[in-house]
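What follows is one structure encoded as structure tokens, with my remarks underneath.
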Amino acid sequence: MRFWVYIVKCKDGTLYTGYTNDLYKRIQTHNKGKGAKYTKTRYPVLLVYSEEFETKSEAMKREYEIKQLKRVDKFGLIRSIYQKTK
């Protein structure tokens with residue numbers, strides 16, 4: 001089984017970070033207004049960042065690390081992914 005840490009951008013411009021074992025399904029759940037309490041009133045969401053892990057423990061640790069970042073640093077993390085793909 002694989003696990004993902006992800007960041008979504010909500011319709012109000014805020015960011016939400018979470019983890020899951022089914023990234024596609026989780027994004028769908030957020031966009032139905034279900035799932036995380038935070039995103040229930042802020043959907044639709046757009047997936048802007050994800051990282052894959054082999055264990056739930058690794059994913060949860062990384063989720064915590066990302067949640068501790070300041071907003072500007074989260075956007076830096078998001079930008080770094082797009083720069084790597086160029």
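The values are calculated or read from the model by the stated rules, or taken from the named source; none is laboratory data. Just so it is clear, the structure is predicted and the values come from calculations on it, not from any experiment. Neighbour counts are summed over all protein chains in view; Cβ atoms, including those assigned to glycine, are modelled from backbone coordinates with ideal geometry. In case anyone asks, the SASA skips ligands and DNA or RNA and just uses the protein heavy atoms, side chains included. Shrake-Rupley method; radii C 1.70, N 1.55, O 1.52, S 1.80 Å.
Quick rundown of the values:
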{"item": "Residue count, segment 12-30 (criterion: surrounded by 13 or more Cβ atoms within 10 Å (Cβ to Cβ), assigned to a loop (DSSP other than H, G, I, E, B) and not polar (S, T, N, Q))", "result": "1"}
{"item": "Count of residues meeting criterion [under 20 Å from residue 59 (Cα atoms) and outside any loop (DSSP other than H, G, I, E, B)] in segment 31-45", "result": "0"}
{"item": "Filtered residues of segment 31-60 (kept if more than 22 Å from residue 80 (Cβ to Cβ), open to solvent by less than 40 Å² (accessible area, probe 1.4 Å) and touching a Phe, Trp or Tyr at 6+ places or on another chain (Cβ under 6 Å))", "result": "33, 39"}
